[in-house]
1. Going by what's in this entry, would residue 38 be described as within 19 Å of residue 113 (Cα to Cα), within 12 Å of the chain's Cα centre (by Cα) and loosely packed, with under 15 Cβ neighbours inside 10 Å?
2. Of all residues in segment 41-62, which are surrounded by 13 or more Cβ atoms within 10 Å (Cβ to Cβ) and either at pLDDT 85 or above or closer than 19 Å to residue 1 by Cα (or both)?
3. When only residues in segment 2-37 that are in a loop (DSSP other than H, G, I, E, B) and free of Cβ contacts under 8 Å to residues at least 24 places away in the same chain count, which is nearest to residue 64 (Cα to Cα)?
4. Considering only residues that are farther than 14 Å from residue 62 by Cα and in contact with a strand residue (DSSP E or B) (Cβ under 7 Å, 6 or more places away or on another chain), look in segment 1-20 and name the one that is surrounded by the fewest Cβ atoms within 10 Å (Cβ to Cβ).
5. Name the single residue that is farthest from the chain's Cα centre (by Cα) among those in segment 63-79 being surrounded by fewer than 16 Cβ atoms within 10 Å (Cβ to Cβ) and over 20 Å from residue 5 (Cβ atoms).
6. Considering only residues that are in a loop (DSSP other than H, G, I, E, B), without any contact (Cβ under 8 Å) to a residue 40 or more places away in the chain and surrounded by fewer than 12 Cβ atoms within 10 Å (Cβ to Cβ), which ones fall in segment 80-109?
7. State the number of residues belonging to segment 54-90 that are touching a strand residue (DSSP E or B) at 6+ places or on another chain (Cβ under 7 Å) and under 13 Å from residue 19 (Cα atoms).
């Protein structure tokens, strides 16, 4: 698991590194930059059913996009077996624990991309 460096926009790269079990530097090289990532920049590096990009279902093992209240910025997390890996935290927590963190109290998962092993 890769912890996101403070004051960075590397959540997508950190999630990709966690999914692929590689270093953050290797993930940055795959994505090609050190700023916010788009869905297409991440999903081309792991196996997924591209038809299963959904806003209704959170898959058992998935890359998820999070929105915060009415804010326009988003954040990437990994959902696995009922737990959330958030690169800002650096380790897995339950969904309830994640929602208790003040920063995330107004957040919602808005899309889920199934990760196929």
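The values are calculated or read from the model by the stated rules, or taken from the named source; none is laboratory data. Note that the structure is predicted; figures quoted are calculated from it, not measured. Virtual Cβ from ideal backbone geometry, glycine too; neighbours counted across all protein chains shown.
1. Working: within 19 Å of residue 113 (Cα to Cα): yes; within 12 Å of the chain's Cα centre (by Cα): yes; loosely packed, with under 15 Cβ neighbours inside 10 Å: yes.
Taking the combined requirement at face value, the residue satisfies it.
2. Here is the first cut: in segment 41-62, the residues surrounded by 13 or more Cβ atoms within 10 Å (Cβ to Cβ) are 41-43, 45-46, 48, 52-54, 58-59, 61-62.
Listed by number, the residues that qualify are 41, 42, 43, 45, 46, 61, 62.
3. Kept after step one, since they are in a loop (DSSP other than H, G, I, E, B), are these residues of segment 2-37: 2-10, 21-23, 32-37.
Going one step further and asking which of them are free of Cβ contacts under 8 Å to residues at least 24 places away in the same chain, we end up with 5-7, 21-23, 32-33.
On the way: 5: 19, 6: 21, 7: 21, 21: 17, 22: 19, 23: 20, 32: 21, 33: 20 Å.
Step by step, filter segment 2-37, then rank; the result is 21.
4. Once the filter is applied, the top-ranked residue is 1.
5. Residues of segment 63-79 surrounded by fewer than 16 Cβ atoms within 10 Å (Cβ to Cβ): 68-73.
Then drop every residue that is not over 20 Å from residue 5 (Cβ atoms), which leaves 69-72.
Working: 69: 17, 70: 19, 71: 17, 72: 16 Å.
Looking at residues that are surrounded by fewer than 16 Cβ atoms within 10 Å (Cβ to Cβ) and over 20 Å from residue 5 (Cβ atoms), I get 70.
6. If the condition is that a residue be in a loop (DSSP other than H, G, I, E, B), without any contact (Cβ under 8 Å) to a residue 40 or more places away in the chain and surrounded by fewer than 12 Cβ atoms within 10 Å (Cβ to Cβ), then 81, 82, 105 are the ones that fit.
7. Going through segment 54-90 one residue at a time, the tally reaches 12.
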